[in-house]
1. Within the accessible area of region 25-91, what % is carbon and sulfur when the probe is 1.4 Å and the other protein chains stay in place?
2. Counting helices only, and only those DSSP H runs with n ≥ 4, report the 222 nm mean residue ellipticity of the chain as the sum of -39,500 (n - 2.57) divided by its residues, in deg cm²/dmol to the nearest 500.
3. Separation between the PHE37 and ALA15 pseudo-spin-labels, each 7 Å from Cα along Cα→Cβ, expressed in nm?
4. Please calculate how many Å² of accessible area the chain carries per residue, with a 1.4 Å probe and no DNA, RNA or ligand atoms counted.
5. Calculate, in nm to one decimal, what GLU8 and HIS74 gain on full extension: separation in residues at 0.36 nm each, minus their alpha carbon distance.
Amino acid sequence: MQNAQLTEAEINSQAAQLTDWHLQETGLVRRFKFSDFSLAFKFMQQVAILAEQANHHPEWFNVYNKVDITLTTHEYHGVSQRDFDLANAINGIELGMQ
């Protein structure tokens, strides 16, 4: 994952193409919902491994079957290419669990 700072136009363009993620002030945000806690936790484990490999860690919150994720690049005080790359990879994890 490259850590490229993006222009506002690049951010908006990539955000428009990213399934189910929303661009907010704090970064890219998405809620994942699973049938139970075990699946939500399994998802989080897989995301944790991916995030560790990428050295880019999400801000997240879990209650029972829901996992809220925010991706942001603190050094840029916003969204970078790494956030979009990780969001796409996380979407792939979710697809693999269905």
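The values are calculated or read from the model by the stated rules, or taken from the named source; none is laboratory data. These figures come from a predicted structure and were not determined experimentally. As a convention, Cβ positions derive from the backbone with ideal geometry for all residues, glycine included, and neighbour counts pool all protein chains shown. Side chains are part of the model used for accessible areas, which takes the heavy atoms of the whole protein and leaves out ligands, DNA and RNA. Shrake-Rupley method; radii C 1.70, N 1.55, O 1.52, S 1.80 Å.
1. Roughly 52 percent, rounded to a whole number.
2. It comes out at -15000 deg cm²/dmol, rounded to the nearest 500.
3. In this crude spin-label approximation the distance works out to 3.4 nm.
4. 59 Å²
5. 22.1 nm
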